[in-house]
Amino acid sequence: MKVWFAASEAMPLVKTGGLADVVGALPKALARRGVDVAVILPKYGEIPKEVTDRAVYIGYTYVQLGWRRQYCGLFELFEDGIRFLLLDNEFYFNRGYLYGYGDEAERFVFFNFAVLEVLQQLEQMPDIVHCHDWQTGLIPMLLRTRYANRPGYRDIRTVFTIHNLQYQGVFSRETLQDLLSAGDELFTGDKLEFYGAASCMKAALRYADKLTTVSPTYAREIQTEAFGEKLEGLLRERAGDLKGIVNGIDTDVYDPMSDPHLPVPYRDSRAKKRQNKVALQRELGLDVDESVPMIGIVSRLVGQKGFDLIVEALPQMMNENVQIAILGVGEPGIEAALKEALTRYPGRLAVWFGFNEGLARRIYAGSDLYLMPSRFEPCGLSQMIALRYRSVPIVRETGGLCDTVESFNEYTGTGNGFSFGPAAAHDLLFTVRRALSFYRDDDVWAQILANGAKCNYGWETSAREYERLYRELAG
């Protein structure tokens, strides 16, 4: 069975967020199960030159976008045992960053067409094209309409995964009509039309054979008005084709025993973990004291991630005997509030604005608790990485956080973290204080750590579910 992943980013080639982690790790897990997997993505200028220098040129084709006829080169590369196919057009993809340009619609409509055009350059058609997020949302529609009568295309089936429903690829109707050379027939309420505009995400939800999202709880949440982003009606209509499958993490990459970014490798040794904490305290200019509990956060500094709650609760949190280490970049107002807080809590609060993969790993390794109070979270990978590094997560009960973190029950001894329900600063503060109270009890804390160590958040279980879905579709 041949499965193509079509996505806008993938590890280890290029990454801006969790999508790249998923598209990088899931194919490896599927390949171990005998699935023939390839990943196709744009040949960005941001992909390291030493990687693209190893790519082999296969051929080229042309893509018609309205009146535009654009070149598309095809390169092949094998990385970590996975076949990557890179689509080359320097005008669209050789830029300073992956996203955020005024011609975003044109760039990714080109990519959708190009994915389908290059099929003819390869030795065999895939059985399944697995599309990820709005940047590939038009592929299922194009297969069912524009390419339906081309030889070899009719039998291809599609899976579309919603990684975050909030980002939908909404553009003006006129823009997509021009790029697709389409009339009014595609832009009706039961197809692409979306409140007077047009939505690439809606196209996928309407036309893909199967829909998945990244946790069972999120699959239920997005069928409600609170989380459905105005697509809840369509998602309820397609509920029979929608499945929530929890993401995993690459346990080879995220392994504190072999992580090259850590000063001291460890697995379950609390003493060695404390050595990483002391090293992190020195690195970030915090007071050096291994007995002080440290809360770690690696995140976008935005309201969706609950940072407004963190900012509101911060003065009361800092009244506790605790240190906080934050890594991220985001909304100017939240960044300003954190910069002001740095002046009030020297030696106890550290914030590194930006992203640094090595520092992120050291925060996972050095922190005792990991805070993730998201207002919504489709799956979340950070809480699973934290558990892998034996940092106990404190999360809000939403999306994949519900499916991966069980709040500790002091009466039964079960649970691998702490959680709270309402998106309120006082609930966050209460839960942080509860976690700190158990941290001070060595026996109880050892039990919580042992519970977390039993969790397996690798990709094996998820890959088995995806393989079952593919085989069902492929007959």
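On the beta carbon distance between Arg434 and Arg54, with R0 = 45 Å, the FRET formula returns roughly 0.30.
Averaging Cα coordinates gives a centre for the range 161-185 and one for the range 264-308; these two points are 42 Å apart. Size estimate for the chain follows the Kirkwood approach: the inverse of mean 1/r over distinct Cα pairs works out to 23.5 Å. Packing, taken as the mean count of other beta carbons within 10 Å per residue, orders the peptides 132-138, 56-62 from highest to lowest as 132-138, 56-62.
Cross-link reach is defined here as a Cα-Cα straight distance under 21 Å, omitting same-chain residues fewer than 8 places apart; for Lys49 the lysines meeting it are Lys15.
Less than 5 angstrom separates the built amide H of Gly59 from those of Leu74, all sequence-distant by 5 or more or on a different chain.
Stretch Tyr195-Ala336 to full length: gain in nm at 0.36 nm per residue minus the Cα-Cα span?
Values: separation 141, 0.36 × 141 = 50.76 nm, distance 3.51 nm.
Gain on extension, Tyr195 to Ala336, equals 47.3 nm.
What whole-number value in cubic angstrom gives the convex hull volume per residue for the C-alpha atoms of the range 263-386? Don't jump to the answer; show the numbers that get you there.
Values: hull volume 12.0 nm³, N = 124.
Taking only Cα atoms, the range 263-386 has a hull volume of 97 Å³ per residue.
Using Cα centres only, tell me the gap between the range 435-453 and the range 41-77 in whole Å. After rounding, the separation between the Cα centres reads 51 Å. Legend: residue pairs Lys2/Lys202; Lys28/Lys210; Lys210/Lys230; Lys2/Lys243, Cα-Cα distance threshold 24 Å; pairs beyond threshold, Lys2/Lys202.
Taking each pair of different alpha-carbon atoms in the range 340-475 once, compute 1/r for the pair, average those values, and report the inverse of that mean as the Kirkwood hydrodynamic radius in Å to one decimal.
On the way: mean 1/r = 0.0604 Å⁻¹.
Answer for the range 340-475: a Kirkwood hydrodynamic radius of 16.6 Å.
Here the 3J(HN,Hα) profile of the range 242-251, calculated from phi with Karplus coefficients 6.51, -1.76 and 1.60 at θ = phi - 60°, is 9, 9, x, 10, 5, 5, x, 10, 7, 6 Hz, Gly and Pro shown as x. The loop-placed chymotrypsin sites (Phe, Trp or Tyr not before Pro) in the range 345-431, going by DSSP, that have at most 12 neighbouring Cβ atoms within 10 Å of their Cβ come out as Tyr411.
Read-outs throughout are calculated quantities, based only on the coordinates presented, and are distinct from any laboratory measurement. In this text, all values refer to a predicted model and were calculated from it rather than measured experimentally. Every residue, glycine as well, gets a Cβ built from its backbone with ideal geometry; the counts of neighbours run over all protein chains shown.
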